Amino acid sequence: MRIWLIIAGAGIVTYLTRASFIVLGDRVTLPPIAERSLSYVAPAAFAAISVPLILGGDGFAGFNEDVPRILAATAAGAVVWKTRNIPLSLLAGMCTLWSLTWLL
């Protein structure tokens, strides 16, 4: 019974902390340094998820089966840097990955 109370309590605390941002979002203003810091959260999270996938499971490029992924990530990065268009960069990266996988 105690474990269920702990799980329910953790769920309630998690729900309340997430709901507080929705309820209090317009009433509370963050300091400029906090707003500037929060603008880096999404790119940091994306990098934390994508870099290990690009370089393989151990975080090091093996330069055998990892080459298509590295080149596809480079192509996607070049497209997003040039055009600032995320869907186009995803398309370019996936087409590059599929093409290189098919060729190699």
* To do: Run down Val79, Val13, Val23 and say which single residue is outside the structural domain of Ser99 (by TED's automatic domain parsing), at pLDDT 90 or above, of a type outside the set (Ser, Thr, Tyr) and surrounded by 10 or more Cβ atoms within 10 Å (Cβ to Cβ).
  => Val13
* Residue satisfying all of: in the stretch 83-104; surrounded by 14 or more Cβ atoms within 10 Å (Cβ to Cβ), more than 11 Å from Arg69 (Cβ to Cβ) and not aliphatic (A, V, I, L, M); modelled with the highest pLDDT among these -> Ser99
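The values are calculated or read from the model by the stated rules, or taken from the named source; none is laboratory data. Everything quoted here is computed from the prediction, not taken from an experiment. Cβ coordinates were reconstructed from backbone atoms using ideal geometry, including for glycine residues, and neighbour counts include every protein chain displayed.
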